[in-house]
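Colleague: Sharing a structure, written as structure tokens. Questions coming.
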Amino acid sequence: MSKYRTSPLATEKMPPGIPYIIGNEAAERFSFYGMKAILAIFMVNYLHLMGNSAGNAMSEAAAAEKVHLFVTAVYLTPFLGALLCDAFLGKYRTIIYLSLVYCAGHVALALMGIAGDASYWLLGGLMLIALGSGGIKPCVSAHVGDQFGKTNSHLLTRAFNFFYFSINFGAFLSTMLTPWLLQWYGPHWAFGIPGVLMALATLLFWMGRKKFVHIPARGGPFFRELFSREGLIAFGKLAIIFFFVAFFWTLFDQTATSWVFQAKDMDRQWLGFEWLPSQIQAINPIFILIFIPLFTFIVYPAINKVFKLTPMRKIAIGLFVMVGGFAIIALAQERIDAGGRPSISWQVLAYVVLTAAEVMVSIVALEFSYTQAPKAMKSVILALFLGSVSLGNFITAAVNHFIQVPSVVSLVQAPAGGGDVINPGLDGKTGTLDDITFSFNKNGKSTVVGFAALAVITEANGILTKSAAAGNLPNTGEGQKLISELRDPWGQALRYKLRSSTQFRVSSDGADMTEKTMWDVGATVDLKIDEKNGSLFDIFVGSVGIAMPEKAWLENRKEKLGISSKPNSDGTEPDRFGITFFAGGQTKLEGAGYFWFFTWLMLGAAGCFLLVAKFYKPRTYLQDEGPEDDTDKEGESVA
């Protein structure tokens, strides 16, 4: 006996619970994508300023690693959610309980900097969100499918398209809004408002409880079916497919990390507005909203006239299309590496290609996962599909981990209350040529203040910034010629690398005379430029008569912490060039080489998947229907 319907209606109409699921998904996706959109930028530019004094800023590679590890956890915990809903609690109760955990995670992020170490609040918040968001993912997707029986199964594709539409509608709004909130109102508002939307999503899902089909947890039968011959075969067959789909996510989810970092070095004027680097991600859901009906009603029927377009063939084509999307990004990065400032239209074009790949890979694989899962394993198989996202992000996190060169400061213990510390260098002895001196503030922030090559690095900076004062920063070849006569204390030539139109690096290979090791020393020099204003939300706020803050939150925060410009040691104007000395801490794979690496990786995976697509034999499972009069419209007891 249950007070809720436990089997789908035998009807040709759309199930009554679908609007509640779609509304819930739109609000939940607003909360998740809003938080995720600003996470990488927050880690690099804001996190170290959340305490009573400035700490060490995180590198882009380290931030990318941590963001992708977070996404790895988000898409790994679905296995826990699937176990809870299919074996013990059922989908509805699992979603409600874990949504409350999800809300608590957003609260933790919104409270960062209020008390204690902000990094602990960040870690705790992300762990709770990973558990809550990841745990409900397979349940929500499977919950959509559970509303359908054989009579209205022809509407399943349309429902999943609406479902994906709601995901991207919520993602678009939040990706546009939260970067703007972060810039002008700071992390508390930027992380807090997504939390409010998550609370709304939870409320909306609770309101639909009497409209849903509640498929009961299977308990023992779930485990028997999971470990049955049929269950293991279905699991194994789909695992092979999802292994290759993982490489799609390895590239796709970098739109929240490497693409954002690339966007800050581009001309972001587009459609008459200046876009923030994190806002560019909103282009993807815009195109999704266009491409779903375009592919469903035009592209797929047109291809079907040429050859039968099965789900496996759609996925295969999508993987190859993804190669083109990342190749466009690599070509744009080559122009940045050469000192150019290419238009953000390069990324817009890449998003067109990437979104086409997403429609053919992600949406198709989501529906395919449900239809190929035995009846008691719907959530587990959908968790397996989401596990491909986890694996893909783990691969990206691993690459970003291994390309980071450790910093010498990792070998140094910061003194209590601050002060100077000398690292003995490669030979382990103080008082020798390879010593490196660090200065620490009371919060543990370190600054490189002394090393043997400091004088020659400073001389090189003077030559290069003087050349830049007459025009643009010299390209890598020109800059290398300008300092070709200079030698470090070990007799080696200095290295010059133009990284973008506003940044270059001068370095010595250090005591080990080997490039890209922790003993490299040098300086990163930034040409300071004024960012343009006039974003979409700036104009909207002004048009309704709301006064904008006079300064961005980050500028106010730096002033509060007493961070001000100081004259550079080489005499250059502090308002034009910013110089940061380093000892190690660089990356082994950077610039266009980074993007080409992933492009070739995707091409190899797509080629191998062709064999899987050729030999896979599908088998479809759907829920059984019940009589239409099992329950009344208000969802009273079911016999």
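Read-outs: derived from the displayed coordinates by stated rules, not from any lab. Everything numeric here is computed off the predicted structure, so don't read it as measured data. Every residue, glycine as well, gets a Cβ built from its backbone with ideal geometry; the counts of neighbours run over all protein chains shown.
Colleague: Suppose the chain between residue 206 and residue 127 were pulled fully straight at 0.36 nm per residue; how much longer would it get relative to their current alpha carbon spacing?
Modeller: So the chain would gain 26.0 nm between residue 206 and residue 127.
Colleague: What spacing in nm lies between the two simple spin-label points modelled at residue 443 and residue 410, each 7 Å away from Cα in the Cβ direction?
Modeller: Distance between the two pseudo-spin positions: 2.3 nm.
Colleague: A further question on this structure: Of the peptides 190-197, 240-247, how do they stack up when ordered by the mean number of other Cβ atoms within 10 Å, highest first?
Modeller: Most protected by this proxy first, the peptides run 190-197, 240-247.
Colleague: Can you figure out the FRET efficiency of residue 485 with residue 185, using R₀ = 41 Å and their beta-carbon distance, to the nearest 0.05?
Modeller: 0.20
Colleague: Okay, moving on. Would you please give the residues with an amide H less than 5 Å from that of residue 274, counting only those at least 5 places away or on a separate chain, with H modeled from the backbone geometry?
Modeller: So residue 274 has HN proximity to 535, 536.
Colleague: Order of 520-526, 462-468, 444-450 by packing, highest average Cβ count within 10 Å first?
Modeller: 520-526, 462-468, 444-450
Colleague: Then there is this: If you put +1 on each Lys and Arg Cβ and -1 on each Asp and Glu Cβ, how big is the dipole of the chain around its Cα centre, in Debye rounded to 20?
Modeller: Taking the Cα centre of the chain as origin, the dipole is about 1660 debye.
Colleague: Here are some values of volume of the Cα convex hull per residue in Å³: [x] 204; [y] 176; [z] 141. Which one was computed from this structure?
Modeller: Matching the structure shown: [y].
Colleague: For a paramagnetic label modelled at 7 Å from the Cα of residue 513 toward its Cβ, which residues of region 440-456 fall within the zone defined by backbone nitrogen distances under 19 Å?
Modeller: Output list for this probe position: 452-454, 456.
Colleague: Then there is this: Report, in listed order, any pair from 264/442; 466/528; 3/211; 429/497 with a Cα-Cα distance greater than 22 Å.
Modeller: Over 22 Å apart, Cα to Cα: 264/442; 429/497.
Colleague: Ignoring everything except DSSP H segments at least 4 long, calculate the 222 nm mean residue ellipticity for the chain; use -39,500 (n - 2.57) per segment, divide by total residues, nearest 500.
Modeller: Rounded to the nearest 500, the figure is -17500 deg cm²/dmol.
Colleague: Measure off 7 Å from each Cα along the Cα-to-Cβ vector at residue 580 and residue 157, then give the distance between these two points in nanometres to one decimal.
Modeller: 5.0 nm
Colleague: Continuing with the same structure: Roughly speaking, what is the stretch gain from residue 150 to residue 469, that is 0.36 nm per residue apart minus the C-alpha to C-alpha distance, in nm to one decimal?
Modeller: Residue separation times 0.36 nm, minus the Cα-Cα distance, leaves 107.6 nm.
Colleague: Compute the length gained on full extension between residue 556 and residue 302: take 0.36 nm times their separation in residues and subtract their Cα-Cα distance, giving the result in nm to one decimal.
Modeller: Here the segment from residue 556 to residue 302 would lengthen by 85.9 nm.
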